[in-house]
């Protein structure tokens, strides 16, 4: 392996082949600090050509490699296993914005660009790059692409996949595929772009991408509505889609218990209603006309929903500051749940129409098998994506709960499967759900995936042990 | 081959194995009647299971197969070659709508459903299925999926790819992959869905799909604007996107010569302007509020564009009937061009910002090499997709032009490539552009495509001679 590392040093410079244990540490432990792997080295190429050189060396010496961006993944997809055979290939030095085209509404970025940097670059030219998620200050677009990231604006703008027009990829053989097309329509063969997106680095390394930009909306405004059941929330969703069409950009469900936790742990925050209600929806519209028009649209929707008795109370933010306050409630749910004790997270999706049934059935199954456990159910209802999280019984620290984690996962995932859902809506499989997914996908589907893996990465050097 | 056909008859019934030459004819000639192939038989399975049985038989007897829907393709993708070795596998009997879910906003359809049938089924439940194209009364959704169809609503709703959530596919080995998921978010492995979409039947046979539905807009209204140059049209596009956001659902460029041809051959049609202008844009908005609001939005946009001198004249339709009249002008362009004589069509795309330059440069190259040829340039400007068609010099029937077709294609496609564009924006490659594309795609990309083809269809039985 000394020859390999020495060749790597010649290829990209000594300084960018990190083997010091202290310096490597940050690259080897996952975001939620649940696993620490080992590596021969951290390689930090400075260009696509250098990535290609390194992949060729990995081929020559049969060294597995783990591509890594901001290392903010939640499913152990961007850290190596504990064999110590692999190298981590960090893309963070590929952090240039290569081009911006405000007429084509595209931005061409390298894989290591921080998501927030891209959002800001778009804002600077009066455009919107809509991907938005909790880790946006640290995650890289390469990781967002590799995991087909979701976030809070999928309802209107789609997942990462829909936001990307073209890719540059270093293949598993170390060749450069230049597919950086800024085209809305291109029907000339197999969709390689979407094959690399979401493959979590197991088929090749995304080094750059052409992303879609959108006009900046004139105003974004939110409302918070109170209702009795998730099914009432679904009725509100239909009403909102009919009233607002594509201006509806957010639709988040939160159970009463979620907001109780928020006000318990963050007493400075308050619910804007005199009494509590079993369910709430935070909805957002992005208006291309004006703040007044946005407010009027929301008022009309709320009035209609109240008259039809779909909801029984609502507040409409009349300013951006009020809107932010309502989003704050939503964003403090995971923090409050963490303050409450250890917990188990699920990132699941089901057909939107079955969300009510899914919640009722799964709540009952868990209550029967794990008495007293408390459900912190919230998420992107408009996308059918729930963070169906489980907290321990009141007063317990959660160690017993965590000991039952795999049993609880089984109940939840089997229920998701019962409703034709997905056990990973927006986080990917990584190493964490790689075995779990075999329970739910057919042999036919797994074989198709394995054939593709073998065809594109026959030596199994690209992020081995992840996805397939 | 008698054993093969006899086994096919046992599998799906004698009546559905067509070998009579007269009965086969309609399946062997392409839509534009440029090529007639031969086939052993036309097979007409009645279910996904029967498709799977037939594909297994094709594997057993090594018989190539050509999947076919409405046979309306424009690139010779759905007819067999003239060897007579293949069978045509017609999906038209798989024509059931399996389910509609108005809360999930999805419809599950079989591959042989006519596009218009699906549009109507959506309208019946007060939803919109937005895919719309000239052949919608005859083409099937299976073909739309296999070719990743485009059409007139891509600007807002995306290509066929973006309108599909899940697929059922019979693999090249005759296995059934049940990927009929109605999920907005699912990140559990390689994107097989998008690999089969756009593969033109060369990797497997799409037998059913889950499609997205949208709220019906309250009003659709159009405006026709007159401007001097394609670059002015691009400025109008930016203005329109800023004013209208996602309510902008159509943005079609038409040169003056296009509309001259329309009024020449359809004298009952009139341009709504006192004098002609070098370029026109037909734009459409779909409003979720009201017809009045749509009209006010268009009026505001037009006033702004006039004040900024981006355009010099415009009419805003004040009724659906007037809107239809404006669309009629656009839709008569290909008809008028056909009336004018033989012509050469191109279906190209370039980055939207480069459309003006592309037109100027390519017009000049053609004028120099093919003096007098007349360009009928129109298309989906909002998607960067031009139908850059060539008519013969005035008074010529077009035979000389057709004789130069490959030279003209070369000039146009080389120019498209120069601007980083695509030689097939929405029609696919089929047999017609299969060799042509090798000129423009890198060896790396072709090798990736070939690896995937070999991995999924090692016997090369699925629509051989198409795409790769």
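Nothing in this text is a laboratory measurement; each read-out follows from the coordinates by a stated rule. Keep in mind that what you see is a predicted model, and the values were worked out from it rather than measured. Virtual Cβ from ideal backbone geometry, glycine too; neighbours counted across all protein chains shown.
The figures follow:
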{"item": "Net length gained if the chain between residue A:47 and residue A:308 were fully extended (0.36 nm per residue, minus Cα distance)", "result": "88.1 nm"}
{"item": "Other-copy label distances relative to residue B:14, 7 angstrom Cα-Cβ extension, nm", "result": "8.5"}
{"item": "Residues residue A:124 and residue A:20, FRET efficiency given R0 of 45 Å [Cβ-Cβ distance, rounded to 0.05]", "result": "0.75"}
{"item": "Packing-based exposure ordering (other Cβ within 10 Å, fewest first) of B:38, A:466", "result": "B:38, A:466"}
{"item": "Alpha-carbon Debye profile of the protein assembly as shown, log10 I(q)/I(0) at 0.06, 0.09, 0.10 Å⁻¹", "result": "-0.43, -1.00, -1.24"}
{"item": "Sequence of B:440, B:280, A:16 once ranked by neighbouring C-beta atoms within 10 Å, starting from the fewest", "result": "B:440, A:16, B:280"}
{"item": "Relative contact order (%) - criterion: Cα under 8 Å, at least six apart; region: chain B", "result": "15"}
{"item": "Paramagnetic reach from residue B:229 (point 7 Å along Cα→Cβ, amide N under 18 Å) across the stretch B:352-378", "result": "B:352-365"}
{"item": "Rounded to whole Å, sorted largest first: equivalent-ellipsoid semi-axes of the stretch B:2-90, Cα gyration tensor", "result": "21, 13, 12"}
{"item": "q = 0.09, 0.14, 0.22 Å⁻¹, the stretch B:97-215: log10 I(q)/I(0) [Debye, one scatterer per Cα]", "result": "-0.21, -0.52, -1.33"}
{"item": "Other protein chain Cβ atoms within 10 Å, averaged over every residue that makes up A:416-425", "result": "3"}
{"item": "Shielding by partners, peptide B:102-110 (average Cβ within 10 angstrom, other chains)", "result": "3"}
{"item": "Separation of the residue B:345 and residue A:403 label points, Cα + 7 Å toward Cβ, nm", "result": "7.1"}
{"item": "Pairwise centroid distance, computed over Cα atoms, of the stretch B:114-157 with the stretch B:63-94, Å", "result": "21"}
{"item": "Using alpha-carbon coordinates, inclination of helix B:320-331 to the longest axis of chain B, degrees", "result": "70"}
{"item": "Residue order, fewest to most beta carbons within 10 Å, for B:335, A:224, B:456, A:239", "result": "B:335, A:239, B:456, A:224"}
{"item": "The stretch A:1-34 and the stretch A:233-262: distance between their alpha carbon centers, rounded to Å", "result": "46"}
{"item": "Expected 222 nm ellipticity per residue - DSSP helices of 4 or more, -39500 (n - 2.57), all of chain A, to 500", "result": "-11000 deg cm²/dmol"}
{"item": "Inter-chain shielding of B:174-183 (mean C-beta neighbours from other protein chains, 10 Å cut-off)", "result": "5"}
{"item": "Pairwise label distance in nanometres, residue A:439 with residue A:263, each label 7 Å out on the Cα-Cβ vector", "result": "3.7"}
{"item": "Separation in nanometres of the label points that stand 7 Å from Cα toward Cβ, at residue A:62 and residue B:321", "result": "7.9"}
{"item": "Against the rule of thumb 2.2 N^0.38 Å, how large the Cα Rg of chain B comes out", "result": "1.01"}
{"item": "Contour minus Cα-Cα distance for residue A:299 and residue A:459 (0.36 nm per residue)", "result": "51.7 nm"}
